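Participant: Dropping a structure here in structure tokens format, bear with me for questions.
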Amino acid sequence: MEPKLLLMVLFIVSSTAAAAQYIRPLPRKALHLPWDSKSSSYPQQVHISLAGDRHMRVTWITDDKSAPSTVEYGTLPGQYDSVADGETTSYSYLFYSSGTIHHTVIGPLEYNYVYYYRCGGQGPEFQLKTPPAQFPITFAVAGDLGQTGWTKSTLDHIDQCKYNVHLLPGDLSYADYIQHRWDSFGRLVQPLASARPWMVTQGNHEVESIPLLKDGFVSYNSRWKMPFEESGSNSNLYYSFEVAGVHIIMLGSYADYDEYSEQYRWLKADLSKVDRKRTPWLFVLFHVPWYNSNTAHQGEGADMMTAMEPLLYAASVDLVLAGHVHAYERSKRVYNGRPDPCGSVHITIGDGGNKEGLAARYINPQPIWSEFRESSFGHGELKVVNSTHAFWSWHRNDDDEPVKSDDIWISSLTGSECFDQKRNELRNKLMTP
Ligand SMILES: *[C@@H]1O[C@H](CO)[C@@H](O)[C@H](O)[C@H]1NC(C)=O
């Protein structure tokens with residue numbers, strides 16, 4: 001085609017696309033992730049997670065029960081001057097028996113440094129990068145991932161961004177009782193999850209309980225061990241961690257949350273340890289959103305919100321990230337259903353790419369607290385620039401779309417009057433038994 005003509009065609013196509021309604025792409029098929037036969041002690045499904053200051057937990061699976069749980073690591077390729085040993089677990093689920101799941105904590109590690117490592121004394125060399133000690137730090141955020149063509153697209157987009165830590169507000173594999181899908185999910189995410197820490201919390205697809213036969217979260221807790229012990233929690237379903245001036249609390253939408261619950265008690269204890277001079281930013285993640293104007297899952301977060309929102313408000317939480325609804329939505333600063341300059345920004349980012357497709361119907365008119373909403377697959381990036389400023393952006397997967405995706409500067413509540421005003425309120429709340 002003549003270049004001029006091509007340009008004209010492109011112009012017509014792009015201008016009609018901009019004018020017309022956005023045509024939402026269909027769900028994509030489940031990926032086929034074939035079993036790759038290797039020796040039974042070969043490390044599979046490698047992923048890493050933060051495990052206390054300057055430590056990282058390396059998790060992998062072998063078919064062989066007697067394979068060692070050692071991780072050899074160092075700062076030069078092929079030269080491992082350190083070695084750590086770990087623990088193993090496994091589980092059975094109806095007719096399925098898992099491989100041996102190894103969890104090994106390595107460290108102390110330097111900040112912002114590349115390490116090379118090998119699991120169980122064999123297999124390929126992996127590379128990880130530790131987070132920085134101070135700002136700036138960038139988080140990639142995507143919930144409700146699953147393992148479809150859209151998941152792949154989301155992961156490819158995340159792979160292109162420079163980030164330090166992946167945050168996942170629930171719904172990982174969509175195994176839904178079919179246990180080998182946890183294994184295929186592990187293989188799918190390994191290239192990213194072995195290189196940067198993945199910090200996850202549970203969603204409804206992690207429950208997998210069967211009345212009288214199976215307790216909930218058997219697979220999730222075995223495979224995705226998070227630093228709950230390191231943060232004084234007695235459950236893998238809620239924990240916290242600190243990284244580069246940010247305190248992040250992962251809550252459990254599927255653990256008890258009323259004011260007499262263990263989770264609530266732990267949350268109060270955790271908040272009382274937060275020092276906003278050391279960590280000026282405070283983020284919270286959980287699965288079921290409290291602020292949601294999509295018709296999907298409407299009102300499901302209401303009970304947890306009634307129980308916990310006053311506490312998060314008193315603690316001046318800057319940002320709340322949720323999933324569950326397969327779409328994107330960002331709120332203004334909000335509290336108790338109304339815009340409030342001292343409230344948190346709530347973002348629903350359950351659009352990672354699962355097999356159930358998108359949630360396309362919204363309540364109209366748009367509530368005044370809702371600032372931006374769109375039903376497309378994508379991921380978020382959160383760059384915390386310094387102690388007062390963070391830049392949030394949401395990236396739709398189709399990059400050739402003419403419509404701009406969402407972005408906003410968020411300023412920390414520690415620099416605002418709200419923080420000083422609420423100091424006493426928080427102290428009172430934390431002191432009541
Ligand atoms: C923090 O970053 C913002 C945005 O880049 C900038 O305007 C501000 O001056 C910075 N503050 C400090 C204390 O460096």
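The values are calculated or read from the model by the stated rules, or taken from the named source; none is laboratory data. Keep in mind the model is a prediction, meaning the values are calculated, not measured. All Cβ positions, even for glycine, are placed from backbone atoms using ideal geometry, and neighbour counts span all protein chains on display.
Participant: For residue 377, are the conditions met, namely being within 22 Å of the chain's Cα centre (by Cα), away from the ligand (no atom under 13 Å from the Cβ) and surrounded by fewer than 17 Cβ atoms within 10 Å (Cβ to Cβ)?
Facilitator: In short, no.
One line per residue, one yes/no per condition, for (1) over 22 Å from the mean Cα position of the chain (by Cα); (2) closer than 24 Å to residue 156 by Cα:
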| residue | (1), (2) |
| --- | --- |
| 90 | yes, no |
| 93 | yes, no |
| 105 | no, no |
| 108 | yes, no |
| 130 | no, yes |
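Participant: So which of 163, 174 is crowded, with 20+ Cβ neighbours inside 10 Å, assigned by TED's automatic domain parsing to the domain that holds residue 383 and touching a His at 6+ places or on another chain (Cβ under 6 Å)?
Facilitator: Result: 174 is the single residue among 163, 174 that is crowded, with 20+ Cβ neighbours inside 10 Å, assigned by TED's automatic domain parsing to the domain that holds residue 383 and touching a His at 6+ places or on another chain (Cβ under 6 Å).
Participant: Something else now. So which of 422, 429, 383, 332 is within 16 Å of the ligand (Cβ to nearest atom) and basic (Lys, Arg)?
Facilitator: From the options 422, 429, 383, 332, the qualifying one is 383.
Participant: Just to be sure, is residue 409 touching a residue at least 24 places away in the same chain (Cβ under 8 Å), within 16 Å of the ligand (Cβ to nearest atom) and among the aromatic types (Phe, Trp, Tyr)?
Facilitator: no
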